[in-house]
1. Specify which of the listed residues (T77, T89) is more than 30 Å from G199 (Cα to Cα) and of a type in the set (V, I, T).
2. Might you let me know whether region 318-333 holds any residue that is touching a helix residue (DSSP H, G or I) at 6+ places or on another chain (Cβ under 7 Å) and either under 27 Å from W436 (Cβ atoms) or of a type in the set (D, E) (or both)?
3. Count, please, the residues in region 212-223 that happen to be part of a strand (DSSP E or B) and touching a Ser or Thr at 6+ places or on another chain (Cβ under 9 Å).
4. Do we find that V207 is among the β-branched types (V, I, T), more than 30 Å from G369 (Cβ to Cβ) and under 22 Å from the mean Cα position of the chain (by Cα) in this structure?
5. Would you mind stating whether G328 is within 30 Å of P249 (Cβ to Cβ) and crowded, with 16+ Cβ neighbours inside 10 Å?
6. What residue, among those in region 262-296 that are under 26 Å from the mean Cα position of the chain (by Cα) and assigned to a loop (DSSP other than H, G, I, E, B), is modelled with the lowest pLDDT?
7. Which residue pairs have Cβ atoms under 6 Å apart, sit 6 or more places apart or on different chains, and have a first residue in region 180-207 that is part of a strand (DSSP E or B) and a second that is hydrophobic (A, V, I, L, M, F, W, C) and surrounded by fewer than 17 Cβ atoms within 10 Å (Cβ to Cβ)?
8. Does region 108-131 include one or more residues that are in contact with a Lys or Arg (Cβ under 6 Å, 6 or more places away or on another chain), among the acidic types (D, E) and surrounded by 13 or more Cβ atoms within 10 Å (Cβ to Cβ)?
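The values are calculated or read from the model by the stated rules, or taken from the named source; none is laboratory data. Fair warning: this is a prediction, and the values are worked out from it, not measured in the lab. Quick reminder, even Gly has a Cβ in these numbers, built from the backbone with ideal geometry, and neighbours come from all protein chains shown.
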Amino acid sequence: MRFRACALAGCLAAALPSLAAALPSPADALPSPAAALPSPAAAQAPGAPADALYFPAAAVQTEADEYTRYELLDPATASFKIYYEVSATTAGAKFYYNPIRKGSAASDESVFDAMLGTPLHFEVVSGAAARKDPLLPDADLATNYIKVTLARPVPQLGQGRLLIVKTYRDPKSYYVDGNAIVFNRPLGIRRNKVVLPPGYEVVALTVPSQILTEQDGRIAISFMHAGAGEAPLEVRAVKDAQLAALPKPLTAQRSWESPFQGETEQERLSERAHQDRDIVYFLQQPETHAFALYHDYTESRAGVNGYANVVRTGSSASHPSASVLDTGEQLRVLEMSGAEMTASKINVGEAVDAAAHVVVIPFPPVRPGQTMRLRIAETYTAPASYRLDGDELVFDRSLGRPRNAVVLPSGWYCTFSAAPATVSQLPDGRVRLNYWDDRPEAVDVLLKARRRVAAANH
């Protein structure tokens, strides 16, 4: 299945009509390791994988899937509006604290629950007050925080998704320099978009980014920052762009340059950083040809009442499970053909080949203005993609999500990775490689590994 762009339709439409219109019509960093938790029920079924799924856990505040949109206002104001999407991930948390950046004066704050699109209660508190909450014992005493009351406690292995809207005035970050405006702001959030004022074009940019056009004609830049630390962003723009140059509708035409059937114009020019799907593969011992995985995505299309995962040719799927991350509700999982799915009247929002093998997850229809974030877990067996070549592990698979991760099986270390990756280690010693793909085509992962000395001697 192709990925779709994220659209927090209800709350974004309420908070920002221009943003809702700019999103295409139809995943920050992936959570970093903290502590092992039991895997979903599917991973504990008979014959389930030995190297279980891993989810981080913490007693203090944690978050995931962060994305920020900056709208630069009139340069004379030195102000910009911020739309910050974030998922609170500490199980049981009833509050979320968002720091107000030092040097910025905040105003016009509002907060929305991303699932229902409804406003949430919040207040601005001092760092000393925030420290009284066990969620934030190390709160900066010199920083003020927006304390948000969540719509519901964060479920175990779930999320509390928020949209925080605010306006900052910060002359050190946003200013006029000669005939240009400058937005010079190191950004710690991994996925970002900056929208220029009407009539401005980009003339200098320090972080590799997509250049896009909003539906109202404003120019924007968007990027994913996979590395450690802040992205050293500086955007310079001058006012000589056409004011009324609205973009033409994007088409389904494919690139004539591609040696194979390439992506459509719609797919190539969608905002990569805001696409909401991420996936983590947990490789089992290579003799099994099996890997467990989970993938998360947000459904925002009104009337859709199911998700269909088409099993790739040459692969088989087992132990499927699904849940709503917003509530923790476990969902039914069905396996059927594409023809049977069509006959069932389950609306997954797209056509599926009648002969395809499909894992289908029905759920209540999405209501207008609301969204639902799902987690699907399953185990794949794919001898062509994952195998043992002599004493060397080989994982060779095309990954289409913007945010992908592969966890090696216990006792193995990486010897080759064709695609660039960042690397971390889980508490149990397994190695995780993160593949963030900011290009419109899939990343072809060719990964090789060998047994560690201690593992080879057992």
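1. Answer to the check: T89.
2. Yes, the conditions are met somewhere in region 318-333.
3. Here the count works out to 6.
4. For V207, the condition - among the β-branched types (V, I, T), more than 30 Å from G369 (Cβ to Cβ) and under 22 Å from the mean Cα position of the chain (by Cα) - is met.
5. Spelling it out, it is not the case that G328 is within 30 Å of P249 (Cβ to Cβ) and crowded, with 16+ Cβ neighbours inside 10 Å.
6. Only one residue tops the list, namely G262.
7. These pairs meet every condition: A180/V238; V203/V238.
8. yes
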